[in-house]
Amino acid sequence: MIHSLFLINNGGDLFLEKHWKSVISRSVCDYFFEAREKAVEPDNVPPVIRTPHHYLINIYREKIFFVSVIQTEVPPLFVIEFLHRIAETFQDYFGECSETIIKDNVVIVYELLEEMLDNGFPLATESNILKELIRPPTILRSMVNTITGSSNVGETLPTGQLSTIPWRRAGVKYTNNEAYFDVVEEIDAILDKSGTTVFAEIQGVIDACVKMSGMPDLTLSFMNPRLLDDVSFHPCVRYKRWESERVISFIPPDGNFQLMSYHISAQNLVAIPVYVKQNISFFETGSSGRLDITVGPKQTMGKTVECLVVTVHMPKVVLSANLNATQGTYNYDPVTKILLWDIGKLNPQKLPNLKGSLSLQSGAPKPEENPSLNIDLKIQQLAISGLKVNRLDMYGEKYKPFKGVKYVTKAGKFQVRT
């Protein structure tokens, strides 16, 4: 299946490679670099790139491209899902998935890749199993390994590897038993100049952190499960219970895991949390233009919009911007032609406004089209779809765990056309 894996940073430097079946030359990545140059944004690189003898299937996570080399036809989504699992494993082990962290822990990275794939086929991808096979790095363990010459590789087979519940290790014990669930939703939307929704959908995930003793059997129910029509579950979930009763019944892995992901594409169910009034114009004469942007809350259910950022990719002829922001700070980069307005927390009583003039290259023709605006935001304690957890029941154990649910709404690809 997967012959090789290359990790490439944003600057195009290939800083790690791993081969399973046979060594494939780095020159195969030239096809990827060509596709990267054609794409304006890293997210726009095609996930599947065909070459004369290989397929390059890639993902972009944390400013790193994970590029896998395939020699035979395989389901692309299967490979993409596995690449995401690799990135999530690095995040779980090291706290973050960045080039610096991967280079600092390169030995453990190679050990993990060796266990996760066997001759190019996925083998052990569950975090609990991997942590028994390869212990996560700590300062004390690193010092002991340096002094004694030992390694992080475990000496015994993981307890869950041979059980019918491979995602959970046996004999788990905690002093405090707790289960936390994070409902995280991202809005992907396109609004036209008048503010009308052209396209809108919600990508949601439920992340769980379960630290409970023994072998608890949990059942999670929702107030309005009919919202969820396109779902994907962790292997621990009993799918037949979901189909018949619309409840999530599962024996959880130990620690952090993604319980489920879902997709809501019905536009009548997607609330747009902010509105944008904008006017960007370029004059025929005088090599100048005007910019006026105002952002306000729309459907926020009384919650505060935080971390609000407006990004504008200006045409190449725009040299500088002389603007005045009533809230937050703005910065225009004349090299990348990106205007960044960091508003922060949105105040409904005094709407933030950015207004001023743009200086254009002398003698250059007027830009044919106005730039679009990209919006980034966060709303705490709100699932924009209206999804709400009803209750969490536990069976199989006698103790009473502490339970908590948190809701977060973020902007995914949120674009306003001008």
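Tabulated data
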| read-out | value |
| --- | --- |
| Sparsely packed trypsin sites (Lys or Arg not before Pro) within segment 350-406, loop by DSSP, other Cβ within 10 Å at most 10 | Lys350, Lys398 |
| Charge sum, other residues only, whose C-beta stays under 12 Å from Lys277's C-beta, Lys/Arg counted +1 and Asp/Glu -1 | +2 |
| All aspartates and glutamates inside 18 Å of Lys21 as judged from Cα atoms, apart from same-chain residues fewer than 8 positions distant | Glu73, Glu111, Glu114, Glu115, Asp118 |
| Packing-based order for 99-105, 408-414, using average beta carbon neighbours within 10 Å, highest first | 408-414, 99-105 |
| Rg(Cα)/(2.2 N^0.38 Å) for the chain, N = residue count | 1.14 |
| Nitroxide proxy distance, nm - points 7 Å out along Cα→Cβ at Ser25 and Lys63 | 3.2 |
| Local net charge near Ile293, Cβ-Cβ under 12 Å (Lys/Arg +1, Asp/Glu -1) | +2 |
| Ranked order, Phe32, Phe15, Phe78 - accessible area, probe 1.4 Å, largest first | Phe78, Phe15, Phe32 |
| Residue pairs, from the table Lys240/Lys388; Lys63/Lys403; Lys277/Lys406; Lys63/Lys298; Lys38/Lys413; Lys211/Lys406, whose Cα atoms sit over 24 Å apart | Lys63/Lys403; Lys277/Lys406; Lys63/Lys298 |
| Other-chain or far-sequence residues with amide H under 5 Å of Ser288's (modelled H) | Phe283, Leu360 |
| Within segment 322-418, GluC sites (Glu not before Pro) in DSSP loop having at most 12 other beta-carbon neighbours inside 10 Å | Glu368, Glu369 |
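The values are calculated or read from the model by the stated rules, or taken from the named source; none is laboratory data. Since we're looking at a predicted model, the values are computed, not measured. Glycine also receives a Cβ, built like all others from the backbone with ideal geometry; neighbour counts cover every protein chain displayed. Ligands, DNA and RNA are stripped out before the accessible areas are found, and what is left, the full protein with its side chains, is counted by its heavy atoms. Shrake-Rupley method; radii C 1.70, N 1.55, O 1.52, S 1.80 Å.
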